[in-house]
Amino acid sequence: MKKTDNLKRVIVDFKKLTPEILKLLVEKYPDGYDEDHIIEFRNAKNELIEAVEVTTEDTKYLVKVSTKLVKTMENYDEDDYEDFEDDDAEAVQDPESEPSEEQDHDDF
């Protein structure tokens, strides 16, 4: 059995992206990701999800791909997050948001 078989698996939406996961993505895909890096799977609602994978010592993260993710990775600067904890999902801001825009909401 491979070491990666025992990892906790976590699906991460852009709204839940933390500085730690963003940094892992930028380190793994310094020139951005392409179609070869995208994993497709169906979630519990049978919706097709496209994600890119990053792994820590104990967790495999599947980060949902989106235009927001691409823009955030392209504009990544570690200094932007120095005042935040690594696991602060509020730290990574929507690159397209403006105060007057409505925020996306997940359907649960």
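The values are calculated or read from the model by the stated rules, or taken from the named source; none is laboratory data. Since we're looking at a predicted model, the values are computed, not measured. Counting neighbours? That spans all protein chains shown, and the Cβs are built from the backbone with ideal geometry, glycine included.
Where strands (runs of 3 or more DSSP E) fall entirely within segment 13-64, those with at least 2 residues that are surrounded by 12 or more Cβ atoms within 10 Å (Cβ to Cβ) are at 48-55, 59-64. Only a single item in (1) polar (S, T, N, Q); (2) over 10 Å from the mean Cα position of the chain (by Cα); (3) on the phi < 0 side of the Ramachandran plot; (4) at pLDDT 90 or above is not met by Asn46, and it is number (3). Contact map, segment 78-97: residues that are farther than 20 Å from Thr59 by Cβ paired with residues that are modelled with pLDDT under 85, Cβ distance under 9 Å, separation 6+ or inter-chain. Pairs shown: Asp94/Glu101; Asp94/Gln103; Asp94/Asp104; Ser97/Gln103. When segment 1-41 is filtered for residues that are of a type in the set (D, E, K, R) and in contact with a strand residue (DSSP E or B) (Cβ under 6 Å, 6 or more places away or on another chain), the ones remaining, listed by number, are Lys8, Arg9, Asp13, Lys28, Glu40.
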